[in-house]
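See below for the structure under consideration.
Every read-out reported here was derived from the displayed coordinates using simple, explicitly stated rules and does not represent laboratory data. None of the values given here were measured: they were computed from a predicted structure. Virtual Cβ from ideal backbone geometry, glycine too; neighbours counted across all protein chains shown.
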Amino acid sequence: MNRMNSSPRHSRLTAFFQTQKGKQASLWLAFFIFWAGSAAVIPYIGVYLESVRIPGRQIGQLTSIPYFVALISSVVFGFLSDVSKRNKLLFRICTIGLIAVLFVYPRARTYSALFPVVLLYSILHAPVNPILDQTSLAALENPGLYGKLRVGGSIGWGIMALVTGFLIDNLGLGISVIFYLNIFFMALFFFLTAFLPEPELPEQAQGENVSLKKLGKMLLQPGFLLLFLLIIIWGIGESSIQNFLFLHIKQLGGSSTLMGTALSISLVGEIVVFSFADKIHSKFGELRMILLAFVVLILWLAMLSLVKNPNLIPLFQIFGGTGFALIQSGSVAYVNRKAPAELGTTAQALRGGVYAGLGGGVGALLSGILYEFSGSTAMYRTMVFVQLGGLVLGVLIAMRERRIRNARQA
């Protein structure tokens, strides 16, 4: 009897997820689940590494691995996605691998044991988000609505960052609980892959071959490499916060609950900006969104460098999510407009790999050195000047694009 009832229910569920509304619902849930699981580990990994007595410089080295690996891993998997059009299979391979690695992670307590574990986790984690990005853009009738799907990840991240901090502080589960929480969400993600849409090319792009030669031509388009340079610089500053904010709070005397609270509050700005990203984009354009992201990040870093009471940090954490949502939405839209449809996933993976890989990796290494020798306050003060340089570069890039656009219209 149960089998007879389950089949019609499964059929109705499958039919729903094949509709436009169902596709959007499945992708919103995919972002929510993936980033909820990630929020249990990524923000707390520095605290875990310090708890097993890894020194600051080695924390910087280990936390830089995901970023440098992301540049290669996300592009390779993104290219495979464009060639095979089998995103579900790629999602499942990454998910099964992540679950296996997460079971091993809490048993690694030395630098030499942690290195291969962090490396494998990074290889499998990096491709998921860019493939989700392009799957979402392909599934939407209006790609400008991307932010309304991506906000699911922001909500998931915010909830689990807060819940994880509470569990560590109040239930006596220990810092290792972060890995088992991630395993739970990865299992949910694996189940959800059955209902995610496969990518479909626009009619004008169907039949187009995917090749490395086309990838090279895409990169040589005016503005592509300059955009990548800009988001590398932004990623350096954001990485110093992502990897060392909790250690900064701890250094100032804050608790794990305060860490989770601070991170959750930062998601308020992220949720708002993602929810209205289509309207912000139509009013300001892609490059101005990115410039606004630099302004927000500079203010955030400056405040972190000045605060002495850790309980004040949540009050200005709203800047964090706002800046990320602005640069994510702006850069995704820019790449989506410039890249050929048949290379969409590869282009988004390259964008994400450059941002998280080079920007985040260099930022983690630089921040680790500054943290060990000068402390977190001096580290954030230095990052303010790095981002000011990025803002100046962004203004010059925007002026260059305007001149090119005016010349074409003349």
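Using a Gaussian network model of the chain whose springs link C-alpha atoms within less than 10 Å, name the residue from GLN134, GLN387, GLN18 with the highest mean-square fluctuation.
GLN18
Let me spell out the model: positive unit charges on the Cβ of Lys and Arg, negative unit charges on the Cβ of Asp and Glu, origin at the Cα centre of segment 86-154. What dipole size does that give, in debye rounded to 20?
Taking the Cα centre of segment 86-154 as origin, the dipole is about 200 debye.
With the cut-off at 20 Å, tell me which of the pairs LYS148/LYS338; LYS21/LYS338; LYS85/LYS148; LYS88/LYS148; LYS23/LYS85; LYS23/LYS88 have Cα atoms farther apart than that.
Violating the 20 Å limit, Cα to Cα: LYS148/LYS338; LYS21/LYS338; LYS85/LYS148; LYS88/LYS148.
Do you know the relative contact order of the chain, to the nearest whole percent, from alpha carbon pairs under 8 angstrom that are 6+ apart?
Computed value for the chain: 29 percent relative contact order.
Among the complete DSSP H segments of the chain, which ones combine at least 24 Å of alpha-carbon extent along their axis with a mean Kyte-Doolittle hydropathy of 1.0 or more?
Sorted by number, the helices that extend far enough and score high enough are 87-104, 224-251, 256-275, 286-306.
Considering the alpha-carbon set of the chain alone, what are its Rg and its Dmax in angstrom?
20.9, 73
Along the Cα→Cβ direction, 7 angstrom out, place labels at ARG288 and SER51. What is the inter-label distance in nm?
Result for the modelled spin labels: 4.6 nm.
Of all the stretches in the chain, which is the longest one without any exposed loop site, taking GluC sites (Glu not before Pro) in a DSSP loop (any state but H, G, I, E, B) with at most 15 other Cβ atoms within 10 Å?
No qualifying site falls inside 209-410, the longest such stretch.
Taking trypsin sites (Lys or Arg not before Pro) as exposed when DSSP calls them loop (any state but H, G, I, E, B) and at most 12 other Cβ atoms lie within 10 Å, what is the longest stretch of the chain free of them, the sites themselves excluded?
54-307
Once you've got the GNM for the chain with C-alpha springs shorter than 10 Å, pick whichever of LEU226, LEU291, LEU27 has the biggest mean-square fluctuation.
Among LEU226, LEU291, LEU27, the largest mean-square fluctuation in the Gaussian network model of the chain belongs to LEU226.
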